[in-house]
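Since the structure comes first, as structure tokens, the remarks are kept for the end.
The values are calculated or read from the model by the stated rules, or taken from the named source; none is laboratory data. Fair warning: this is a prediction, and the values are worked out from it, not measured in the lab. When we count neighbours, we look across all protein chains shown, and the Cβ atoms used for this are built from the backbone with ideal geometry, even at glycine. Surface areas here come from the heavy atoms of the whole protein model, side chains and all, with no ligands, DNA or RNA. Shrake-Rupley method; radii C 1.70, N 1.55, O 1.52, S 1.80 Å.
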Amino acid sequence: MVGRTGCNSRKADLKAMAQIATNCNTDCQIRAPGAIVTAMETMPHILIIDDDREIRDLLAKFLERQRLRVTTARDGKEARRAFMNGHFHLVVLDLMLPGEAGLDLARWLRAETNVPIVMLTAMAEETDRIIGLELGADDYVTKPFNPRELLARIRAVLRRSSDTEDRVLEGTAKTYRFSGWLLETARRRLLDPSGVEVAITGGEYELLLALLDRPNRVLTRDMLLDLLRGRQAGPFDRAIDVAVSRLRRKLEDDGRNAQLIKTVRGGGYVLSTPVERT
């Protein structure tokens, strides 16, 4: 559909390309081919899904100079094929894709894997951003964006994912029991009171773990953002609210009459139940 949204999106794409090109010209340094080959195995592998070839190519070039391995796809079909043939540590997903919508692709990705997702959205697409977060995306960047900001967000999400794995290896508590539920950190499994496994995303796991480590303690949105090592949020950011709402649904905790994760008016959230750690 062509209209104001399409025009605004294209303008945002053009500005984004200019930003990326500028940063590539000023920041990129050529490394010896041997060094690139040697480091390839340990580089985080990023999948960029964007229908704009220039943005794909410029962004790939910029990220590769920052010691990230990059694969690109122009639409959902190419993305699915790439995903079936490779292992990725993070996906950068443009929501304005031709054919299969970005949100539909995000839904498929989240159903297939817990790979972190960073969305690229136009400034006016607030509804899509919220839906994307509800589907399990870990962060978003609005177009036009500074590639340095996108790089910072990618690194933050990768670090958060790595920290979660480290915590599982180190963790003092192997399991958490609360209101009949069981969280197994060694396997990152959530079991309901009847023993059935409930699928949760990496972000939901991190949020639940943060709450379980601090039961019956009010955690403000800023505290939760800091604990989750997410992006710096603005005063109207809804990322934490969306994440809590999503987790409540997984825990079958009615948001209007929540008994597990309660909202503290003007304060934040509290896990209002005893927690047994073993």
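Here are the numbers for the structure shown:
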{"quantity": "Subset of segment 193-221 [in contact with a strand residue (DSSP E or B) (Cβ under 8 Å, 6 or more places away or on another chain) and not in a loop (DSSP other than H, G, I, E, B)]", "calculated": "E197, V198, Y205, L208, L209, A210, L211, L212, L219, R221"}
{"quantity": "Filter result (open to solvent by less than 60 Å² (accessible area, probe 1.4 Å), touching a strand residue (DSSP E or B) at 6+ places or on another chain (Cβ under 7 Å), over 13 Å from V115 (Cα atoms) and not polar (S, T, N, Q)) within segment 63-92", "calculated": "L63, L68, V70, A73, A79, A82"}
{"quantity": "Qualifying positions in segment 98-115 - more than 18 Å from M84 (Cβ to Cβ) and either buried (at least 23 other Cβ atoms within 10 Å of the Cβ) or among the aromatic types (F, W, Y) (or both)", "calculated": "G102"}
{"quantity": "Members of segment 134-164 found to be open to solvent by less than 50 Å² (accessible area, probe 1.4 Å), among the hydrophobic types (A, V, I, L, M, F, W, C) and either at pLDDT 85 or above or over 17 Å from D104 (Cα atoms) (or both), listed by number", "calculated": "A137, V141, F145, L150, L151, I154, A156, V157, L158"}
{"quantity": "Subset of segment 117-153 (residues that are touching a helix residue (DSSP H, G or I) at 6+ places or on another chain (Cβ under 7 Å), among the β-branched types (V, I, T) and in a strand (DSSP E or B))", "calculated": "I117, V118, T121, V141"}
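Okay, residues lined up against (1) of a type outside the set (A, V, I, L, M); (2) open to solvent by 20 Å² or more (accessible area, probe 1.4 Å); (3) under 14 Å from D138 (Cα atoms); (4) modelled with pLDDT under 80:
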residue: Q232; (1), (2), (3), (4): yes, yes, yes, yes
residue: D237; (1), (2), (3), (4): yes, yes, yes, yes
residue: I240; (1), (2), (3), (4): no, no, yes, no
residue: A243; (1), (2), (3), (4): no, no, yes, no
residue: R249; (1), (2), (3), (4): yes, yes, no, no
residue: D254; (1), (2), (3), (4): yes, yes, no, yes
residue: I261; (1), (2), (3), (4): no, no, no, no
residue: V264; (1), (2), (3), (4): no, yes, no, no
residue: Y269; (1), (2), (3), (4): yes, no, no, no
